[in-house]
Amino acid sequence: MKRLSIYDIFMYCPEAGCEPSIIRIQIPTKLHNESGPQSKRVGVGLESETEMAPTIAVSSAQTKPLHHNHRNAPASPEEEEEVLRKRNEELEKDLKKSLEREERMKLELQRTWERLRVAEEAEELLCSQLGELEAEAVDQARTYRTRVLSLMEQLSTAQKLLQAASISLPNSQ
């Protein structure tokens, strides 16, 4: 009688937009090497052999059933079922924690995007106000320059009139 070891593997691939899922695989006992940890590669095929999904490394030392039978005899189906039930509960808890963490991260990302949007709007407003102030400053500088040139002309005209009238200014001695 051939014995199969059953393993549940938690899969999550956010880059591909996949939802978290649990995959159950069965590996014949003869694949296990009792001399130590040995990695077995298990792949899920797509349309052809050239198109393979990412493979899963299954270490036989780490993924053996959780029950410890010192007689190396096959475990009873009830024991194996209990082990699988416990493992399934653990995986469900891990999945729930992962989904909660993902939801928190989504909310945090949403808040960060909102803060970024507000900061960008504030930057836009400040740039607009700065542009208006620069235009106003240039306009004032032109007005002051025109006024200074006008006053210099008036002073020059007054000096010419004084020289023409031969009015000498008293020396302050």
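All of the numbers you see were taken from the coordinates with simple rules; none came from a lab. The structure presented is a predicted model; accordingly, all values stated were derived computationally and were not measured. All Cβ positions, glycine included, derive from the backbone under ideal geometry; neighbour counts span all protein chains shown.
What to note about this one:
- When both the range 81-98 and the range 146-163 are represented by their alpha-carbon centers, they are found 95 Å apart.
- Amide H contacts of residue 9 (H built 1.01 Å from N, under 5 Å, at least 5 apart or other chain): 23, 24, 25
- Residue 100 paired with residue 9, simple spin-label distance in nm, labels 7 Å along Cα-to-beta-carbon: 2.8
- Net length available on complete extension from residue 84 to residue 118 is 7.2 nm, with 0.36 nm assigned per residue and the Cα-Cα distance removed.
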